[in-house]
Amino acid sequence: MYNLFLRISFITFILLITVFINTAYSEQFAIVYRDNGDRITGRWINSTDQHFEIEYNGQVLRFPLEGNTIHFISDLENVPNQKATKHYHTGLDLLDIELPELAKCQFEAALEEAPKYLDAHYQLGLLNKTAGNIDKTIIHFRSVLLIDPNKIDLVPLLQDIGENAVTEEEYRQAVNAYQLILKHYPDHQIVARLSYQTGFILVENLEDDTLGLDVLQNAIKQFPHSSEHEKAVYLIGNIQSESGELTVAKDTFQQFLRLYPESDRVEDVLLSLAIVYLQLRDKDRAVQTANFIQGNTEDPSIAAQAKDIVSASVWNIYTNGLPDLNIQTMAVDGESLWIGTPKGIAQIEIGGPDEWIINEGVAWMINSHVKTVPDVQTIAVNASGIWVGTRNQGIIYYNKNTNEVQNYTIRNSDGLPITWVRDIKMDDKEIWYATDSGVYREIISTGKRYPYYGNNPVPNDVHSIALTPETAWVGTTGNDIAIFNREIELWKPQSFLDITQDTKILGFDVVGNKVVISMYNKEGNFNGFFHANWDGTAGKFTPINEGTEMKLKLENIYVTGTVDNGQIPLDNGEPNPKSLILWIAENENVNLYFPYIDNFGGVVGYPKIAMEDIIIQCIVVNKNRAWIGTNKGVLTIDKDKIVQPAD
């Protein structure tokens, strides 16, 4: 029985010929195996109940049915040579006497001679399945189907593999088996069910949303009346939402509500739809939907999430038009917001009624100027140009006056190029570059550069720069700080009691007459910021998070700010206590702080209901609005959305 399909008896042969005559639609070839060991391959002509005929080398040959074994093929390229055939039949003989390992060696030898030997692939697939080597089984069965998908019905075997794999939680094996059925047996009766099941496994068990989305979309298109259609539409909407296809996700969720208004998933879909409205900046619909949920749900968890959506409506969320959602740095240039990601730079126009207009021209010039898309670490702008500091590609400079792009590296004293630029700060006289090999000062009028590195007080591993009219501050990824007096061109090391050996400096900024340092202490389990006068005097540390051991929450804190020159000064001529505002962005909230009165002006949490597991990575302030870069896009909020301190 094991080799019945190969060794055709007289009666079986007649049945096969009948099927062949009724179903053949293209030219067929026959391989005739004679009892004396000869093998002849020719074009099949016809047969009777006593004999058959083939065309061989221009001649018609007639053979009796008895004493011959015949294989039918449609492609002569897949005909194995006699040596391969000998190995194959030896393998069959070994199977007959129950020596599977020796048979396996013979089938493998047959494939070495004829890699497209379908029957050898099939036998090896069966042997590996019996031995539990499912990955190898699928490889051989895939080869069978690629060579000739019509010769052997593999559906029962592949279905059995898939079902057993699901039971054993070997989900990738199940998907591989099911996908062979979906691809090579598209008209089989089980395809409708397997299409949905394969998509569900990909999304829910393997978290392969890209392939899962494709499979599920094909399933609902081909089999819209399946009982699994409801769940598939729900998952498709979630995948589209999470991948940033917000308009498409909105349409999918709205379709779900039209098709399944009585579904148990309606409240979840409404929540997801409200979040999508929020991300699309349709705040009215987001709040309206969230309020509807709160007024109709009996689930406290659903109601709480709906309330979070209303709270999150004070934020705007932006993800479209970005080369990558992982925002590493930003800079404001008038009405433009320059955004740096691991996959290049983007320019967004933020003025006017629509505060997010993508401007692709200059960004494309910068991104395409180097061989690979730049991993942008820092951006500096002024009236004449854009400086883009990268990881491993040096500096990319765009000249606004000439509309030209230049890529260059700084060189150390040995002439070696420095390609990793971590921070760039400038004024109308100088440009300063922080690199992994020290800090470099460039005189704009002459173009001459001065390197400082490798000795006290300037270390090699420079992370951040703060530039004031009188001084330049540099800090490392550790806790080292040095201050350069720009008038007398003299360095001095700087230390503060609050910045200990356990402190890690995260960034510098200059706000008004203050230098601000963001930092965290990994041993003391706290973070915060330090601000001092330009010369280092009057330093003060302000903690933000204390007593937490979650490093991720501690090491993501960034401080910047604004000076409101429009504030009315006090009678004694001193600035108004509210004129200097610091924005503190950390992983949980944004805070406003007023240094002159040592007072926090309120706090607002991020819209985590719409952006889960976000990590804060940078912040810039433009007028009364903060733009916050995260690992999942850009957030923005106006100052008047945050509670202000009393006068």
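The values are calculated or read from the model by the stated rules, or taken from the named source; none is laboratory data. Just so it is clear, the structure is predicted and the values come from calculations on it, not from any experiment. Don't worry about glycine lacking a Cβ; one is built from the backbone with ideal geometry, like all the others, and counts go over all protein chains shown. Note: accessible area is taken over every heavy atom of the protein model, side chains too, but ligands, DNA and RNA are not part of it. Shrake-Rupley method; radii C 1.70, N 1.55, O 1.52, S 1.80 Å.
Of the residues in the range 387-434, how many are among the β-branched types (Val, Ile, Thr), in contact (Cβ under 8 Å) with a residue 24 or more places away in the chain and within 19 Å of THR446 (Cα to Cα)?
The qualifying residues number 4.
Among what's in the range 117-174 and is touching a residue at least 40 places away in the same chain (Cβ under 8 Å) and under 23 Å from LYS83 (Cα atoms), pick the residue that is surrounded by the fewest Cβ atoms within 10 Å (Cβ to Cβ).
Here the answer is ASP148.
Residues of the range 395-439 being under 18 Å from GLY344 (Cα atoms) and either part of a loop (DSSP other than H, G, I, E, B) or over 33 Å from the mean Cα position of the chain (by Cα) (or both), which ones?
THR409, THR419, TRP420
Would you confirm, using the coordinates I've provided, whether THR630 is under 20 Å from the mean Cα position of the chain (by Cα) and hydroxyl-bearing (Ser, Thr, Tyr)?
yes
Would you mind stating whether ASP308 is open to solvent by less than 50 Å² (accessible area, probe 1.4 Å) and among the charged types (D, E, K, R)?
no
Could you tell me whether the range 528-540 includes any residue that is surrounded by 14 or more Cβ atoms within 10 Å (Cβ to Cβ) and touching a Leu at 6+ places or on another chain (Cβ under 7 Å)?
Checked the range 528-540: no residue is surrounded by 14 or more Cβ atoms within 10 Å (Cβ to Cβ) and touching a Leu at 6+ places or on another chain (Cβ under 7 Å).
Cβ-Cβ distance below 8 Å, separation of 6 or more or different chains: which pairs start in the range 362-383 with a residue that is in contact (Cβ under 8 Å) with a residue 12 or more places away in the chain and end on one that is part of a helix (DSSP H, G or I)?
VAL373/ASN367; PRO374/ILE366; PRO374/ASN367
Yes or no, residue by residue, for (1) among the hydrophobic types (A, V, I, L, M, F, W, C); (2) surrounded by fewer than 18 Cβ atoms within 10 Å (Cβ to Cβ):
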{"site": "VAL233", "(1), (2)": "yes, no"}
{"site": "SER243", "(1), (2)": "no, yes"}
{"site": "PHE253", "(1), (2)": "yes, no"}
{"site": "SER263", "(1), (2)": "no, yes"}
{"site": "VAL266", "(1), (2)": "yes, yes"}
{"site": "VAL269", "(1), (2)": "yes, no"}
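Please give the number of the condition LYS283 fails out of (1) under 14 Å from ILE609 (Cβ atoms); (2) open to solvent by 60 Å² or more (accessible area, probe 1.4 Å); (3) among the basic types (Lys, Arg).
Only one criterion in (1) under 14 Å from ILE609 (Cβ atoms); (2) open to solvent by 60 Å² or more (accessible area, probe 1.4 Å); (3) among the basic types (Lys, Arg) is unmet by LYS283, namely (2).
From ARG39, ARG34, grab the single residue that is in contact with a helix residue (DSSP H, G or I) (Cβ under 7 Å, 6 or more places away or on another chain) and either surrounded by fewer than 11 Cβ atoms within 10 Å (Cβ to Cβ) or modelled with pLDDT of 70 or more (or both).
From the options ARG39, ARG34, the qualifying one is ARG39.
When only residues in the range 323-336 that are open to solvent by less than 30 Å² (accessible area, probe 1.4 Å) and touching a residue at least 60 places away in the same chain (Cβ under 8 Å) count, which is nearest to ALA286 (Cα to Cα)?
Going through the qualifying residues, I end up with ILE327.
Restricting to the range 474-512, name every residue that is under 15 Å from SER464 (Cα atoms) and assigned to a loop (DSSP other than H, G, I, E, B).
THR477, GLY478, ASN479, ASP480 - these are the residues of the range 474-512 that are under 15 Å from SER464 (Cα atoms) and assigned to a loop (DSSP other than H, G, I, E, B).
So, in the range 448-473, of the ones that are part of a loop (DSSP other than H, G, I, E, B) and modelled with pLDDT of 90 or more, which residue ends up least open to solvent (accessible area, probe 1.4 Å)?
Across the range 448-473, the extreme among qualifying residues is THR468.
Based on this model, can you work out whether VAL203 counts as under 25 Å from ASN631 (Cα atoms), open to solvent by 50 Å² or more (accessible area, probe 1.4 Å) and in a helix (DSSP H, G or I)?
When the stated conditions are applied, VAL203 does not pass them.
So which residues in the range 62-108 are assigned to a strand (DSSP E or B), more than 20 Å from VAL144 (Cβ to Cβ) and open to solvent by 40 Å² or more (accessible area, probe 1.4 Å), if there are any at all?
Result: ARG62, PRO64.
Filter the range 556-573 down to residues that are more than 30 Å from the chain's Cα centre (by Cα) and either surrounded by 13 or more Cβ atoms within 10 Å (Cβ to Cβ) or of a type in the set (Lys, Arg) (or both) and give me whichever is modelled with the lowest pLDDT.
GLN567
Listed residues LYS522, LYS553, LYS514; which is buried (at least 17 other Cβ atoms within 10 Å of the Cβ) and at pLDDT below 85?
LYS553
Cβ-Cβ distance below 6 Å, separation of 6 or more or different chains: which pairs start in the range 273-295 with a residue that is without any contact (Cβ under 8 Å) to a residue 12 or more places away in the chain and end on one that is part of a helix (DSSP H, G or I)?
ARG285/TYR277
Of all residues being more than 20 Å from LEU235 (Cβ to Cβ) and touching a Leu at 6+ places or on another chain (Cβ under 8 Å) in the range 291-305, which is most open to solvent (accessible area, probe 1.4 Å)? Just the residue, please.
Result: PHE292.
Among the residues of the range 337-385, count how many are of a type in the set (Asp, Glu) and surrounded by 14 or more Cβ atoms within 10 Å (Cβ to Cβ).
3
Taking only pairs six or more apart or across chains, which ones have beta-carbon atoms under 9 Å, a first residue in the range 499-510 that is within 9 Å of THR477 (Cα to Cα) and in contact (Cβ under 8 Å) with a residue 40 or more places away in the chain, and a second residue that is open to solvent by 20 Å² or more (accessible area, probe 1.4 Å) and of a type in the set (Asp, Glu)?
As it stands, the answer is LYS504/GLU555; ILE505/ASP480; LEU506/GLU555, since those pairs meet every condition given.
Can you name the number of the only condition in (1) closer than 20 Å to THR630 by Cα; (2) in contact with a helix residue (DSSP H, G or I) (Cβ under 9 Å, 6 or more places away or on another chain); (3) open to solvent by 10 Å² or more (accessible area, probe 1.4 Å) that TYR398 fails?
For TYR398, the exception is condition (1).
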